[in-house]
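Reviewing the structure listed below.
Quick note: the coordinates plus some simple rules give every number you see, no bench work behind them. What you see is a predicted model, and the numbers here were worked out from it, not measured in a lab. Here Cβ is always computed from backbone atoms with ideal geometry, including for glycine, and neighbour counts include all displayed protein chains.
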Amino acid sequence: MASSFGPLTVIVNPHAGRSHVAQEIPELERTLQSRKLPYTLHRTDGPGDATRIAREALDAGGRYLVAVGGDGTVQEVVNGMIENDLLVASDAVLGVVAAGSGADLVRTFGLPGDASRACLHLLGENVYPLDIGKITYTTADGGTESRYFANIAEAGLGGAVVRRSDRLPKWFGRAKYFFGFWLTLPRFKIADVKLIADNKSYEGPAFNVVIANCQFYGGGMKISPRSFPGDGSVDVLVLKGPKSDAFTMLPKVYQGEHLPHPHIAEFRARREIRVDAERPLLIEADGEQLGTTPVSVEVLPHAIRLKV
């Protein structure tokens, strides 16, 4: 059975999910073969590999790229598909087989979280026009760099949590963010921030700024339940504090029942978001540690066709 979008270029991060993804590769291949889907499988060895493989596949005429791993793997493939804010190949399609400790993107679409069932969604012609965010952040040497992201970006506590989580042993698995959060929160200091979201603005204290294209992050927290990743906009949440809100709010976040909240400022932006702060705040996007504020995010509407 041929794919509607041609042979699959399957890009696997075998190190995702405490390296459990590597153990799932044989089952993944058996499922693809049983469905008679033609494919080429590539394993990544380190950062940047998925981006390079995706670009090389598109340059060689491939049009159906499948990211196997967590949100970080998806982000790398997305960055291989887009150049100068445009698709390298206008007819390219992105498929996602969720695996790893941070596979939150697929939750917004109700896609399976295991490799075998996810492969079934690679069949057929259904695609979703997925918005993409372009985040430009400050580097350690004071310069700027840009990345494309599909799910959620944060400035502040969220960036610090990702940095702390990355230092935890792999056996924490999906609980890394949860433990990283509670290990980071006590020492994190609220900062005064300046935010512009299109023609709206906020100036005041904040311990986290969430820029959400999709709904979930942190291993299943429904942080932005009103986000729809195909509406040409992102939702911006400014968590103003106090930090003690975390004790009462966190259980509600998993259900998406924390909004509206008197200590959360909500904005929606279609063009650009800018965030600056009295001190550099750490930035993360799709669970990947980037740089610091000042930071800006642009929305690229319907930038990628996502296979659903």
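Values computed for the structure shown
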{"quantity": "For the stretch 197-214 versus the stretch 19-52, the gap between their alpha-carbon centres in whole angstrom", "calculated": "37 Å"}
{"quantity": "Listed residue (Leu290, Val236, Gly110) projecting farthest to the positive dipole end of the chain, Cβ model", "calculated": "Gly110"}
{"quantity": "For the stretch 184-259, size of Cβ-based charge dipole, Lys and Arg +1, Asp and Glu -1, in debye", "calculated": "280 debye"}
{"quantity": "Normalised alpha carbon radius of gyration of the stretch 132-302 [divisor 2.2 N^0.38 Å]", "calculated": "0.94"}
{"quantity": "Calculated [θ] (222 nm, deg cm²/dmol) that DSSP helices of n ≥ 4 give over the chain, each run adding -39,500 (n - 2.57)", "calculated": "-7000 deg cm²/dmol"}
{"quantity": "Qualifying GluC sites (Glu not before Pro) in the stretch 99-171, DSSP loop, other Cβ atoms within 10 Å at most 10", "calculated": "Glu125"}
{"quantity": "Point-charge dipole on Cβ atoms (K/R +1, D/E -1) for the chain, about Cα centre, debye to 20", "calculated": "740 debye"}
{"quantity": "FRET efficiency for Tyr254 and Arg35, using Cβ-Cβ distance with R0 set to 45 Å, rounded to 0.05", "calculated": "0.85"}
{"quantity": "Ranked packing of 129-136, 258-265, most packed first, by mean Cβ within 10 Å", "calculated": "129-136, 258-265"}
{"quantity": "For His263, residues with placed amide H under 5 Å, excluding near neighbours", "calculated": "none"}
{"quantity": "Extension gain (nm, one decimal) between Lys194 and Ser116, 0.36 nm per residue minus Cα-Cα", "calculated": "23.6 nm"}
